[in-house]
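J.: Pasting in a structure now, in structure tokens, and then I'll have a few things to ask.
Only the coordinates and a few stated rules stand behind these numbers; no lab work does. Here the structure is a predicted model, which means the values were calculated and not measured. Every residue, glycine among them, receives a Cβ derived from its backbone with ideal geometry; neighbour counts consider all protein chains shown.
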Amino acid sequence: MTDTTVNAGIAHGLYTEGEPVADTKAPAGPIAGKWTQRKFDAALVNPANRRKLDVIIIGTGLAGGSAAATLGEAGYNVKVFCFQDSPRRAHSIAAQGGINAAKNYKEDGDSVFRLFYDTVKGGDYRSRETNVYRLAEVSANIIDQCVAQGVPFAREYGGLLDNRSFGGVQVSRTFYARGQTGQQLLIGAYQALERQVAAKTVEQFTRHEMLELVVADGRARGVIVRDLVTGEIETHLADAVVLASGGYGNVFFLSTNAMGSNVTASWRAHRKGAYMANPCYTQIHPTCIPVSGEHQSKLTLMSESLRNDGRIWVPKNREDCDKDPRQIPEEDRDYYLERIYPSFGNLVPRDIASRQAKNVCDEGRGVGPMVGDFRRGVYLDFADAIQRLGRDAVESKYGNLFDMYARITGENPYETPMRIYPAVHYVMGGLWVDYDLQSSIPGLFVTGEANFSDHGANRLGASALMQGLADGYFVLPNTIRDYLAKGPFDKLAADHPAVVEARTRVEERTTRLLEINGERSVDSFHRELGNIMWEYCGMERSEEGLLKAIDLIRGLREEFWRNVRVLGAADTLNQSLEKAGRVADFLELGELMCIDALHRRESCGGHFRAESQTEDGEALRHDDEFLYVAAWEFSGGDGDGQMSTPVLHKEDLVYEAIELKQRSYK
Amino acid sequence: MNLTLKIWRQAGPRHPGEMVTYKVTDISEDMSFLEMLDVLNEQLNAKGEEPIAFDSDCREGICGMCGLMISGEAHGPEKTTTCQLHMRSFSDGEVITIEPWRANAFPVIKDLVVDRGAFDRIIQAGGYISANTGSAPDAHAAPVPKPAADRAFMAAECIGCGACVAACPNASAMLFMGAKVTHLSELPQGQPERMARVVSMVDQHDEEGFGGCTNVGACSQACPKGIPQDVISTLNKDLRTALRG
């Protein structure tokens, strides 16, 4: 590939290129000293002044809940918002397997540097070195903090904490609470948050959804939210705004995300000037329960921890694919991950495990019911583990997962192998942030899955919980004070043009959605968008497919604003209206994801371009051309559903501590 | 399969409600219960009738957002959450009644959606360990005997769905509260606030309008996470000790 190649995106007028990102604001000096330096350099806010400073936090998952609790403890005035009926429902709760930390309690060679290295390598060298090092550095503090809160991690008989292994690594550094680690960590953060609500440092707004960001005089100064129970549109102003609103995997309609997970908070901020970085980096998780039919509303993940003991296989011969798996003899089974990747085996990173599952199914060796022309499933078999460890040991490790599988599929996984298939699970892309987790809008900070910086093009298992809590407990509280020290800023009046503009936009949009009164339901548009995204911007992407997807999405978006039917009123609980607003934003995001995927003519991590692969079919990066973060600027488009050509800003990735290599897990 | 559904419809907190009968056809047994309601809502939308409001989020049985009384049972006939209940648990031609949680402390917002804010306020009253960020010692500083750790974990599995309250003839939240008290009092970190916690939480529980416990045990039977009734004994024991001073 040479520089003379005309990029398809530019050639089709789909985007333009702007100035590169000049600075990520990480301090100079060796990587191991940067965070200490930044904490020292960041201005302090006197405790007496903290109560004069207002901070708004959107989202109450691990990133938002922990930040709200910590900033409340520090003495700031915090307002925290979630669309669910309680902060404890945020989707962090569904994370199963565990949380990584460089504690080296197993004395197996782990260290901060190794966790940093594994994360950068796992991300296929597309994450920002400085941020990832800091993540590894604070990881051990997270475990201490959570234990102090009473999080019931798994323990050994001696009373000390137990660890297990996850994909893409060769040490045991994952702390866990059976298959409910996310739940237990979130309840810990939630309880810390509720303690601050009782102490009146934090005011909590449940069943409230952020629908617009207020930007005045170049700073993020507040949000417009809708009270989902009364329908009232409210204005909340502050000195800084934190988005911890999670990921946008639901753009695919079917994903392991919760039904309500959405991009609206991030997308509204993007439309107001926050850059969106690497939006096409999507994690397709290899171990999910396969789709069973047209009615399906969501997909269910089976924890990656199952790959510690389960063995993944498909029949060697297509003729065996509809046989009872127990009747297929050992020599006719293809344990393809163990065959292709002998050193990592079933514990290769998620992107690789997913793509290989797709490959064997594309070859016609998938199992389970036919979906279209292919069977879309592979076996995850515990027969060996049950023989080796006994059924009781397997049950105590994975019992709740096995029960869940049995309930959903009606099959007993103790007796017959599970069937699994990849599904959309997480997005590495998100709003662009600097070293301080500040977006391109001053005063707007972004934490957790909603930002982009730590996981590159592929996230390792048990690292999402780590990042959410690192951001919320330890990083943001130290960096936001440098910004808040410049405040309090002048109070904004309710009739400030920026406030009026944001409120009016929300009111008009709500009215318009209810007035269209077309023929099609919100869900039907969402499902169709999801099909387009999965087909053309899913596990494998190509120039031809992406160009087609962009056309299809534009057509669908145009139809949405003409033909959607949203019943009910604006002044009550109206779940169709809530969904309509979210799907409207997904219809814009989807196009940007496809443009990003189209412009990146290389394969890296979860982004696999059919045109860029090695002879063995592995992802082939092009570091000479694409060693950068793609930060997209919204360039205008006033009406609903209108988008002008986005502008690409490149942030060059600099690797000083780690040598760039082509990943290998063989 | 074809089903007859009798569903509680209520336009708002101050509106009268009523049971309305709907028919659904061609329901697959692989559908979840909530996917069956999705199908009904699509049909209503197509007919120009407002869809039925109900809560759900993760649909994996862990967030605790969903919760319906299904033919008189909290979360229906299986020991699981409403979202994890599948239609293979029902038979063709069945008549199913669907109602919201019924409790004074959980007022109806609309149709099948109730306000469970009282649970948050009970946690605010003391359902936490005070440990400011940054103040924690090394995680291995205080080993926890495995039996205590396991019991704490068991109690901590509560998802705060409210099925225990809905199933209780007194609409008591003692199982919910007992689970939190047990989780925290089994751990060494939970000891300093143990006595103050239980008194404060029980006071808040009563103030919210939940009823008293009369050892019926319906709560534990309805609990999708199988929280055992003996967490209530742990709570009562702590409360007795605390009140004796």
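J.: Each residue of region A:499-511 in order: what ³J(HN,Hα) in whole Hz does its phi give by Karplus 6.51 cos²θ - 1.76 cosθ + 1.60, θ = phi - 60°, with x for Gly and Pro?
T.: Residue by residue, region A:499-511 yields 6, 4, 4, 5, 4, 4, 4, 5, 5, 5, 5, 4, 4 Hz.
J.: Follow-up. Which whole-number percent gives the relative contact order of region A:105-222, counting Cα pairs below 8 Å spaced six or more residues apart?
T.: So the answer I get is 19 percent.
J.: Suppose the Debye formula is applied to equal point scatterers at every Cα of region B:117-244; what is log10 I(q)/I(0) at q = 0.22 Å⁻¹?
T.: -1.35
J.: Under the rule of -39500 (n - 2.57) per DSSP H run of 4 or more residues, summed and divided by the residues of chain A, what mean residue ellipticity at 222 nm is obtained, to the nearest 500 deg cm²/dmol?
T.: Value at 222 nm, helices only, nearest 500: -11000 deg cm²/dmol.
J.: A follow-up question, please. Taking R0 as 51 Å, what's the FRET efficiency between A:Ser396 and A:Arg339 from their Cβ-Cβ distance, rounded to 0.05?
T.: Given R0 = 51 Å and the Cβ-Cβ separation, E is 0.95.
J.: A further question on this structure: Around B:Ala148, with a cut-off of 11 angstrom between Cβ atoms, what is the net charge of the other residues, counting Lys and Arg +1 and Asp and Glu -1?
T.: Taking every Cβ under 11 Å from that of B:Ala148, the sum is +1.
J.: Next up: Using a Gaussian network model on chain B with a 10 Å cutoff between Cα atoms, which of B:His183, B:His75, B:His15 fluctuates the most?
T.: Looking only at B:His183, B:His75, B:His15, the biggest GNM fluctuation is shown by B:His15.
J.: Tell me, what ³J(HN,Hα) does each residue in region A:410-427 have, in order and in whole Hz, if you take phi through Karplus 6.51 cos²θ - 1.76 cosθ + 1.60 with θ = phi - 60° and put x for Gly and Pro?
T.: Each residue of region A:410-427 in turn: x, 10, 9, x, 6, 9, 10, x, 5, 10, 10, 7, x, 8, 4, 9, 7, 10 Hz.
J.: Something else: Quick one: Karplus J couplings for region A:598-611, per residue in order, coefficients 6.51, -1.76, 1.60, θ = phi - 60°, nearest Hz, x for Gly and Pro?
T.: 5, 6, 8, 7, 9, 9, 7, x, x, 9, 10, 9, 3, 6
J.: Separation between the B:Glu193 and A:Ala494 pseudo-spin-labels, each 7 Å from Cα along Cα→Cβ, expressed in nm?
T.: My value for the distance between the label points is 3.7 nm.
J.: I've got another one for you. So if R0 is 51 Å, what FRET efficiency would A:Arg562 and B:Arg244 give, r being the distance between their Cβ atoms, rounded to the nearest 0.05?
T.: With a Förster radius of 51 Å, E is 0.10.
J.: By the gyration tensor of its Cα atoms, with a ≥ b ≥ c the square roots of the eigenvalues, what is the shape of the protein assembly as shown: rounded for a/c under 1.5, prolate for a/b over b/c, or oblate?
T.: Judged from the Cα gyration tensor, the protein assembly as shown comes out rounded (a/c under 1.5).
J.: How far apart, in nanometres, would the label points at A:Tyr157 and B:Ala148 be if each is projected 7 angstrom from Cα along the Cα-to-Cβ direction?
T.: Output for this residue pair reads 1.9 nm.
J.: Another question about this same structure. Show the residues, 5+ positions off or on another chain, whose built amide H is closer than 5 Å to the amide H of A:Ala101.
T.: A:Phe175
J.: Taking amide H positions as placed in the peptide plane 1.01 Å from N, state which residues far from B:Cys161 in sequence (5 or more) or on other chains have amide H under 5 Å from it.
T.: none
J.: Fewest to most neighbouring Cβ within 10 Å: what's the order for B:Ser56, B:Ser233, B:Ser28?
T.: Taking fewest neighbouring Cβ atoms as first place, the list is B:Ser233, B:Ser28, B:Ser56.
J.: Quick one: check the C-alpha center-to-center distance for region A:248-272 versus region A:499-553, whole angstrom.
T.: Using only Cα atoms, the two centres lie 11 Å from each other.
J.: Here is a follow-up. Listing B:Lys6, A:Lys200, A:Lys272 from the residue with the fewest other Cβ atoms within 10 Å to the one with the most, what is the order?
T.: A:Lys200, B:Lys6, A:Lys272
J.: Roughly how many Å is it from the Cα centre of region B:1-27 to that of region A:276-327, as a whole number?
T.: 36 Å
J.: Taking the mean number of other Cβ atoms within 10 Å as a proxy for protection, how do you rank B:199-207, A:128-136, A:487-495, B:158-166 from highest to lowest?
T.: Result, highest mean Cβ count within 10 Å first: B:158-166, A:128-136, B:199-207, A:487-495.
J.: Taking amide H positions as placed 1.01 Å from N in the peptide plane, with prolines and chain starts having none, which residues 5 or more places from A:Ile57, or on another chain, fall under 5 Å of its amide H?
T.: Sorted by chain and number, the residues that satisfy this are A:Lys79, A:Val80, A:Phe81, A:Val242.
J.: Based on the Cβ-Cβ distance from A:Thr16 to A:Ser542, what FRET efficiency comes out when R0 is 30 Å, to the nearest 0.05?
T.: It comes to 0.85.
J.: Pairs A:Lys548/A:Lys650; B:Lys180/B:Lys237; A:Lys39/A:Lys491: which are spaced more than 20 Å apart, C-alpha to C-alpha?
T.: Checking Cα-Cα distances, A:Lys548/A:Lys650; A:Lys39/A:Lys491 exceed 20 Å.
J.: So, one more: Quick one: if you stick a label point 7 Å off each Cα along the C-beta vector at B:Asn236 and A:Glu501, how many nm between them?
T.: In this crude label model, B:Asn236 to A:Glu501 measures out at 6.4 nm.
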